[in-house]
Structures are given as C-alpha cells and as structure tokens.
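**Student:** So that we are looking at the same thing, I have put the structure below in structure tokens.
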Amino acid sequence: MAGGAGPARAESIQLRPAEGLKDENGNPLLPGTPAAGYAIPCVTDWNGDGKTDLLVGYQSAGKIACYLNSGTAAQPHFTSYSNLKAGVGSDICHISGGCGAPAPWVCDFDGDGKRDLLVGAGADGTVWFYRNTNTDAAPTLDTGVQLRVGGLVLNVGVRATPFVHDWDQDGLNDLLCGSGDGSIYFFKNSNSNPNPVYAPGVKIQAGGADVSKGIRSVARVLDWDGDGLKDLLLSSDTGVFWCRNTNNNSQPVLMVPQAICAPVSGSGLVPINTGGRMRLDLVDWNGDGVTDIVLGNLYGTVNYYEGYHLRIRRLERDPAQQITLEWDSAPFVKYHVWTGSSINAITNRAATNLPAVGKTILWTNQPAQAQSRQFYRVQLAQ
C-alpha cells in the first residue's frame, strides 16, 4: 500500500497567475469617467446576499465604486457600479491630489451587528466612520465622522488605509492603518468594541525596525504559512510582502518582510509587481477555503491572484503497481516529486521539473519504482 504525502506540515499559501477582474463585456473594471486610476479595493458582501461584492476607491473623483455580484459566491460576475452614498444621499467623496484615493474597509465597527464602512482619506491621513443605520441587506450610511485619539483627530499623515483587527488578542478590535510614508500604525483599543477608544498610534516593527517596504502601505493580517500564528501582510509601491510571526498571537514578533511571489509566463515565480501604487486585500474569492489576493494599482485596474495549497489530492496504485499522484498546481511553474521508504526519509527525486498546465498535475511512476510501502512529497522546483 502506498504511503501518503508525508507528515502533517504547515502549508503556506501559493498563488496562481494574476487575472484582471473584468465586467460582463470582458473590459477591465475601471470606475470613473474618465477612469483615472489608483484603485484601492475592498472585497465584502455589501448587500448581505452571501456573495462576494467589490468596493473600489478611485481617482480623480475621490469616490468609492460598489460592484454588486450578479453571479455566484464561487464565480463572481460584475456588470456596472454605483458610488457609495452617505448622509443625505450624496456620494461619499474624499478628494486627494497626487496618487491618493479613498481606502474603504467594511466591518461591524460599532458592535451593533451590522456592517459599517471605514474610509481612509488620501489627502490628510484621517479615517472616517460611516455608520450603517439600516440593515445589512440594504445598508444606509450616516454622515461620516472622523476617528479620534484622545481629543485629537486620528491622523497618519497622508494616504490612510484602515484595517480593523484585534492585534493583541485582548478581545477588543484595534485599528491598523497604513500610511503614505510606508509605515503601519497600531492604534490599541482600550475601551470596548461598540465604543472604541484608541491609544496614540505605534509603528509596527518587523525584523527589529519599523515596517517599511516603500510608500503607500496597506496592512492585512493572516496566517500565511499555516503554522497557527497570524502574520502581517502588506503592500506598497514596491510589491506585496509578508512578515512571519515567530512568537504568539497576543504579542506578535515579526520577521523582516519577504516578497510574495506569483507565476509569470516565461519567468516562473517572481515577486508581485503590477506597476506601482499596489493596494492589497485578502479574501476567499472563489469559496474554495484558501485565501486569495486582490490587488489594485495605479492604472485603476484590479487583479486577482488565486491561492492554493501545494498538496497531494489523490494517490492511487493500480494492479500493475503504477502509482498515480494528482496535486494542486499553477501554470508557469514546475515541480519535483520525491519518494522514500518512510515519512522521515523522503530523499529520492523521482521526477524533475514537471510543468503545470492547469490547476492540477497528474504524474504516474514506472512499475519498477514501486515499493510495497512508499511515501511521496511534491516540491516547487524553484
């Protein structure tokens, strides 16, 4: 009987090649007339129908486009957009010069069980709270108010990108906020979830220094490598990165940022770079249980990187003693297959540089290679 793929291991998320999000006519999602760019995406179920919708802050209007999903949760489909409104029904508008655009983030900010909207302003680094006064199925946003620290307006300088997360695991939702200079600020909530009271912002460190991988940062939190510890993911003008947590979830100690790579035709795995002003969000876009990356850029377009785990999904032995393996894969990269007689001795390379064509690979060994008990492992070739 053939053995499995090896011992239980932490599984880092791998990415498939970028796909540009398009409308029903095959055109890129480009809000604005004319479409000016600097897209900042937030993926959420905005109307509570269980399907993935998309919010995009955009220039030069300084507004937030809402694309409602007319497809399914696993296969989103978009036709047109409408601008989010607040107060008396006017478009939410945060004008910013240069490369700034409103940065939306959706969460139940005031603890009343309904999704609200936070917006980071590009011009002055402030964060605005728009309370949902209606229902999740038909959100109605109140007039925006600025978040405060003590008696002062919360401000990270410029290009604020808010994200709500309980960073120190004390049961209270804190605020992480990217900024125009590339820093990521931690604002600790010292009061309650319905009525957060923030301490002054502290810059998050990674590798013993303030996080900075270029200007215009966005922060998200996810266990990227599957080791049970939350990590910090960020985007900037220079790419998309992850900072591995080496301590625990209540007191994260982050390693130096490492570039996140995705396959590119003819180049294999390369660090993600879509041309600057990259703005990150994380979501299980297609409902397969693995987190994906959505990334806006300076051109106003939004790219989608499908996540997958490099794992063997099928292992079969036929009467001729041939072993067939099937594993999840990505185009434009290659894989090795390793075998061994025990879990701790998978040291024989049985196949080298197997190219992927689609989302899975099938490989069959030669009968002479088969043993009564064999263990297998699949590895990226680079």
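The values are calculated or read from the model by the stated rules, or taken from the named source; none is laboratory data. Everything numeric here is computed off the predicted structure, so don't read it as measured data. Cβ atoms come from the backbone with ideal geometry, glycine included; neighbour counts cover every protein chain shown. Heads up: the accessible areas ignore ligands, DNA and RNA and are worked out on the full protein's heavy atoms, side chains in. Shrake-Rupley method; radii C 1.70, N 1.55, O 1.52, S 1.80 Å.
**Student:** When the chain is fully extended, how far beyond the present Cα-Cα distance does ASP142 get from ASN348, taking 0.36 nm per residue of separation? Intermediate values should be presented prior to the final figure.
**Tutor:** Values: separation 206, 0.36 × 206 = 74.16 nm, distance 6.33 nm.
My answer for the length gained is 67.8 nm.
**Student:** Kirkwood hydrodynamic radius, computed over distinct alpha-carbon pairs, for the range 179-260: how many Å, to one decimal?
**Tutor:** On the way: mean 1/r = 0.0756 Å⁻¹.
Kirkwood radius, the range 179-260: 13.2 Å.
**Student:** Return a whole-number percent for the relative contact order of the chain, with Cα pairs under 8 Å and 6 or more residues apart as the contact set. Can you show the working numbers first?
**Tutor:** Details: 1127 pairs, mean separation 63.0, N = 382.
It rounds to 16 percent for the chain.
**Student:** Can you compute the modelled spin-label distance between GLU11 and ARG314, with each label point 7 Å from Cα toward Cβ, in nm?
**Tutor:** Once both label points are built, they end up 1.7 nm from each other.
**Student:** Right, another one. What does the net charge come to around PRO331 if you take all other residues with beta carbon closer than 14 Å to its beta carbon, with K and R at +1 and D and E at -1?
**Tutor:** With Lys, Arg at +1 and Asp, Glu at -1, the neighbours total 0.
**Student:** Based only on the alpha carbon positions, what is the Kirkwood hydrodynamic radius of the range 142-188, in angstrom? Can you show the working numbers first?
**Tutor:** Numbers: mean 1/r = 0.0864 Å⁻¹.
Computed over the range 142-188, the radius equals 11.6 Å.
**Student:** Still on this structure, I have one more. How much of the pair distance distribution for the range 163-226 lies past 21 Å, counting alpha-carbon pairs only, in percent?
**Tutor:** Summing the P(r) of the range 163-226 above 21 Å gives 25 percent of all pairs.
**Student:** I would also like to ask the following. Taking 8 Å as the Cα distance limit and 6 or more residues as the minimum spacing, I'd like the relative contact order of the range 60-161 as a percentage. Working shown, then result.
**Tutor:** On the way: 232 pairs, mean separation 22.0, N = 102.
Relative contact order of the range 60-161: 22 percent.
**Student:** Can you compute log10 of I(q)/I(0) for the range 47-125 with the Debye formula, treating each Cα as one identical point scatterer, at q = 0.15 Å⁻¹?
**Tutor:** Log10 of I(q)/I(0), two decimals: -0.59.
**Student:** How large, in percent, is the carbon and sulfur part of the accessible surface of the chain at a probe radius of 1.4 Å?
**Tutor:** Working: 7910 of 15850 Å².
Accessible surface attributable to carbon and sulfur in the chain totals 50 percent.
**Student:** So what's the projected area for the chain, the Cα convex hull averaged over all directions, in nm²?
**Tutor:** On the way: hull surface 81.7 nm².
Its average projected convex-hull area is 20.4 nm².
**Student:** What ranking do 348-359, 194-205 get when scored by the average of other Cβ atoms within 10 Å per residue, highest first?
**Tutor:** Sorting 348-359, 194-205 by mean packing, highest first, produces 194-205, 348-359.
**Student:** Quick one: length gained pulling THR133 to ASP110 fully straight, 0.36 nm per residue minus the C-alpha distance? Mind showing how you got there, number by number?
**Tutor:** On the way: separation 23, 0.36 × 23 = 8.28 nm, distance 1.10 nm.
Gain in length upon complete extension: 7.2 nm.
**Student:** Sum up the charges of everything whose Cβ sits under 12 Å from the Cβ of SER80, counting Lys and Arg as +1 and Asp and Glu as -1, but leave SER80 out. Could the numbers behind the result be given before it?
**Tutor:** Details: positive: none; negative: ASP23, GLU24.
Value of the local net charge: -2.
**Student:** Stick to the Cα atoms of the range 101-238, pair each with every other, and give me the Kirkwood hydrodynamic radius in Å at one decimal. Walk me through the intermediate numbers first.
**Tutor:** Details: mean 1/r = 0.0654 Å⁻¹.
That comes to 15.3 Å for the range 101-238.
**Student:** Mind checking which aspartates and glutamates have their Cα closer than 20 Å to the Cα of LYS51? Skip sequence neighbours fewer than 8 apart in that chain.
**Tutor:** Reachable aspartates and glutamates: GLU19, ASP23, GLU24, ASP108, ASP116, ASP136, ASP281, ASP284, ASP288, ASP292, GLU306.
**Student:** Quote the relative contact order of the range 182-262 in percent (integer), defining contacts as alpha-carbon pairs under 8 Å separated by 6+ residues. Walk me through the numbers on the way to the answer.
**Tutor:** On the way: 175 pairs, mean separation 18.7, N = 81.
23 percent.
**Student:** Another one. Rg/Rh for the range 226-382 to two decimals, with Rh computed the Kirkwood way over all alpha-carbon pairs.
**Tutor:** Details: Rg = 18.7 Å, Rh = 18.0 Å.
Here Rg/Rh amounts to 1.04.
**Student:** Another one. Quick one: net charge around SER342, please, counting Lys, Arg +1 and Asp, Glu -1 for every other residue with C-beta under 15 Å from its C-beta.
**Tutor:** Details: positive: ARG373, ARG377; negative: none.
For residues surrounding SER342, the net value is +2.
**Student:** Given LYS85/LYS114; LYS188/LYS213; LYS63/LYS85, which pairs have Cα atoms separated by over 20 Å?
**Tutor:** Working: LYS85/LYS114 17 Å; LYS188/LYS213 23 Å; LYS63/LYS85 9 Å.
Cα-Cα > 20 Å for LYS188/LYS213; rest within.
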